[in-house]
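Encoded as structure tokens, the structure appears first; notes follow it.
The values are calculated or read from the model by the stated rules, or taken from the named source; none is laboratory data. Not measured: the values here are computed from a predicted model. Here the Cβ positions follow ideal geometry from the backbone for every residue, glycine too, while neighbour counts run over all protein chains shown.
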């Protein structure tokens, strides 16, 4: 899964304790998410672009 990723990145809001997730867009427009603290385990969640965008929009609007 991670080999498909265009490049993992972490939020600029990540603190020193690394309690965050990494995000990477995949070639087929899906979006991959993994735990920053344990990237070697390769446990990755994959979302459609639409589902990911809905989540991001909700976070920006503080709908959660």
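Here are the numbers:
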read-out: Residue within segment 48-60 that is assigned to a loop (DSSP other than H, G, I, E, B) and modelled with pLDDT under 85 present; value: no
read-out: Matching residues in segment 18-47 - criterion: being part of a loop (DSSP other than H, G, I, E, B), modelled with pLDDT of 85 or more and touching a strand residue (DSSP E or B) at 6+ places or on another chain (Cβ under 6 Å); value: 30
